[in-house]
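As structure tokens, the structure follows; a few thoughts come after it.
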Amino acid sequence: MTTANKLPLGAAMKKYRNQYLMVAPFAIVFILFTVLPVAASIFLSFTSFNMTSLPDFTGLRNYVTLIVEDDVFLTAIKNTLVFAILTGPLSYIMCFIFAWLINELPPIPRAIMTLVFYAPSISGNVYLVWKLIFSSDTYGYANAWLMKLGFLQEPIYWLTTEAYIMPILIVVQIWMSLGVSFLSFIAGLQTVDRAMYEAGAVEGIKNRWQELWYITLPAMKPQLMFGAVMQITNSFSVSQISLDLVGFPSVNYAGHTIMTHLHDYGNLRYEMGYACTIAVFLFLLMLFCNILVQKVLRKIG
Amino acid sequence: MAKKKKNLYQTKPDKISFLACALRLVIAFAAGWIAFYALSYGLIFLLQGELPRILKSILILIPFVTLFVAFIMLPNVQTFLRKRRLRTRRSLAVDIALMIFLGIFGIFSLFPLVYTVVNAFKPMSEIFIFPPKLTVDNPTLDNFLDLSFILEGFDIPLSRYLFNTLIITGLGTFGTVMLGSLAAFALAKYEFPGSRVMSQLIVYALMFSSAVTAIPNYLIMTYLGLVDTYWAVILTAVGGTLGLYLMKNFIGQIPDSLLEAATIDGAQEFTIYWKIIMPLCKPAWITLIILSFQQMWGTTGGVFIYSEELKPLSYVLSQLVSGGIARTGVSSAVSLIMMTVPVAVFVISQSNVIETMSTSGMKD
């Protein structure tokens with residue numbers, strides 16, 4: 001609305017006194033509990049700190065240990081990357097496809113279907129039902145039906161068998177990942193200007209796929225970028241479902257992610273310096289992926 | 001030319017009753033369900049080489065497929081599938097395929113939820129039958145009674161946990177909405193030294209999850225003496241930026257001319273905020289309430305609260321859930337209670353949320 005470019009800093013600050021007052025309460029909380037923690041973890045990542053004595057500066061030792069010596073961490077990186085590379089794009093694409101299909105429905109079925117897909121992400125700990133579905137006895141849904149159908153002779157120990165842990169976690173994560181970005185896509189699709197489709201039809205767009213590629217996707221670019229940020233952040237920070245479904249530590253660390261590694265050192269061993277190193281690593285990884293994907297998405301359409 | 005145009009798009013306006021919509025949705029779901037089963041059965045039998053059974057399942061499938069196709073073919077189905085004034089032609093086959101696809105994934109999404117709801121009403125004898133069923137023969141409230149019985153045995157009454165949750169959820173939600181909307185208004189509508197940096201920081205803060213900062217946050221809370229108080233949970237939530245980000249985008253699309261008019265009439269920024277911005281961005285703050293409610297409702301207090309009498313409801317309930325196989329029924333009852341509230345809240349406020357989300361996009 002107004003610009004402060006012409007004014008010297010002091011005068012501008014005086015002129016916008018009220019605006020500063022408005023931003024101040026949030027800014028204080030934001031700086032204290034979001035900016036400062038990031039700064040603190042970067043600082044602490046160079047120290048050895050167990051909360052009882054003062055941080056002891058150790059330079060790059062934590063980073064060296066993390067990358068060179070900590071074998072479990074390598075498993076965690078591998079798992080997290082596999083997880084993020086599979087669930088990130090997949091859930092992103094699913095969010096979009098379902099939003100796109102739902103958008104074709106009239107209002108009431110649309111509202112119902114929106115709820116059907118969005119409900120898993122807001123229903124708290126309902127994902128624990130997967131523990132029941134993949135239970136290792138014959139009462140587990142998966143086992144029971146596979147046995148009933150004669151496909152299995154003995155129940156499979158789904159959640160304690162190394163080979164099944166990751167796939168199950170991925171399925172569960174995808175199931176509950178249609179969250180804020182899904183809503184954002186639905187909303188975005190509803191605001192695409194109808195006149196664009198009419199114009200497109202006149203200009204010779206033949207089918208829905210062309211319509212999708214030439215009109216819908218470019219018009220939704222801002223929502224697509226927002227959704228990407230949300231999905232990337234979520235797919236990298238998975239830990240709770242791993243802790244709850246396959247336990248900690250999971251069999252041969254098959255469900256071990258960077259976040260559970262962080263949980264291990266921060267909440268169980270109280271090696272805060274080392275935990276902060278892990279946090280900084282994950283932080284940089286998320287930021288890097290987000291910025292990369294933003295760059296790619298800007299090229300669409 | 002005119003004739004060719006007519007072939008290209010449908011111009012028929014659509015009128016369709018709620019009942020018809022609901023009926024069709026039900027049919028679409030039934031067809032999706034059948035297709036889902038047929039696929040899984042088919043795959044299994046194929047692998048076992050029991051051909052007759054595949055034929056059987058195909059036979060079962062045929063009436064449903066016919067039904068589904070018939071429903072797609074209904075004269076005004078075209079308008080059911082798309083509510084557009086003018087659009088390019090759609091092929092019916094692809095329409096059908098896409099609806100089945102949507103149906104299958106709808107079932108996949110709904111199945112665990114339905115399973116939870118059904119389990120919550122199953123008596124013990126039905127939970128442990130082989131094979132497990134998705135229906136309940138003798139629905140009972142035993143699980144809920146058991147739950148209240150277990151909770152009575154606790155040192156701290158349920159009402160205390162509920163009180164904690166209400167305080168945390170209430171204050172956290174209020175804080176997020178108030179602080180968020182004040183800051184969002186100033187950042188969206190005015191440009192002052194530092195406002196750009198702040199806006200940029202907020203976008204960057206979206207790019208990492210708050211879990212990353214949990215440990216240093218814990219240290220800061222310890223330093224401030226806030227650990228083991230409600231504030232530790234409330235303030236970390238208020239410091240999140242998703243709400244502010246959505247609010248800022250929503251306020252950004254309110255025309256400047258409204259504010260200019262108010263400024264000319266002599267209104268101060270706080271008056272503008274309260275009298276003009278807040279009423280206009282009702283959908284946005286309702287959305288913020290929903291999102292922060294969902295987040296706060298599910299919080300277990302984590303490392304920030306360790307006193308038993310300050311723990312929120314979801315903590316004690318999740319303790320019950322992890323009680324093992326004998327508590328299957330009770331834990332389903334718990335899950336049902338925990339999910340009902342946020343789902344109900346979302347159902348009530350869906351249109352507001354969608355309206356806000358339409359401005360959630362990221363600009364370059």
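Some notes on this structure:
- Across the stretch A:175-205, the qualifying residues are those that are of a type in the set (Val, Ile, Thr) and surrounded by fewer than 18 Cβ atoms within 10 Å (Cβ to Cβ), and the one among them that is farthest from the other protein chains (Cβ to nearest Cβ) is A:VAL202.
- Candidates A:LEU101, A:LEU60, filtered to the one that is aliphatic (A, V, I, L, M) and under 25 Å from the mean Cα position of the chain (by Cα): A:LEU101
- Restricting the stretch A:69-111 to residues that are farther than 20 Å from A:SER181 by Cβ and within 12 Å of chain B (Cβ to nearest Cβ) leaves a set whose member that is surrounded by the fewest Cβ atoms within 10 Å (Cβ to Cβ) is A:PRO107.
- Checklist (1) of a type outside the set (Asp, Glu); (2) without any contact (Cβ under 8 Å) to a residue 24 or more places away in the chain; (3) within 14 Å of chain B (Cβ to nearest Cβ) applied to A:ARG61, failing item: (3)
- So B:PHE185, is it within 7 Å of chain A (Cβ to nearest Cβ), assigned to a helix (DSSP H, G or I) and surrounded by fewer than 16 Cβ atoms within 10 Å (Cβ to Cβ): no
- Condition check for B:PRO283: at negative phi and modelled with pLDDT of 85 or more: no
- Which numbered condition A:MET220 misses (of (1) touching a residue at least 12 places away in the same chain (Cβ under 8 Å); (2) more than 30 Å from B:MET207 (Cβ to Cβ)): (2)
- Residue count for the stretch B:330-357, restricted to those that are free of Cβ contacts under 8 Å to residues at least 12 places away in the same chain and either buried (at least 23 other Cβ atoms within 10 Å of the Cβ) or on the phi > 0 side of the Ramachandran plot (or both): 1
- Test for A:MET51: is it in contact (Cβ under 8 Å) with a residue 24 or more places away in the chain, more than 21 Å from A:MET286 (Cβ to Cβ), outside any strand (DSSP E or B) and facing another protein chain (nearest Cβ under 9 Å): yes
- Whichever residue in the stretch B:122-146 is in contact with a Ser or Thr (Cβ under 9 Å, 6 or more places away or on another chain) and away from every other protein chain (no Cβ under 14 Å) and, among such residues, is nearest to B:GLU308 (Cα to Cα): B:PRO123
- Residue in the stretch A:172-188 that is at pLDDT 85 or above and over 25 Å from B:GLY361 (Cα atoms) present: yes
Each row is one residue, and each column tells you yes or no for (1) polar (S, T, N, Q); (2) more than 27 Å from B:VAL203 (Cα to Cα); (3) touching a strand residue (DSSP E or B) at 6+ places or on another chain (Cβ under 8 Å).
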site: B:GLY252; (1), (2), (3): no, no, no
site: B:GLU260; (1), (2), (3): no, yes, no
site: B:GLU309; (1), (2), (3): no, yes, no
site: B:VAL330; (1), (2), (3): no, yes, no
site: B:THR340; (1), (2), (3): yes, yes, no
site: B:MET362; (1), (2), (3): no, no, no
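The values are calculated or read from the model by the stated rules, or taken from the named source; none is laboratory data. Computed from a predicted model, the values in this text were never measured in an experiment. All Cβ positions, glycine included, derive from the backbone under ideal geometry; neighbour counts span all protein chains shown.
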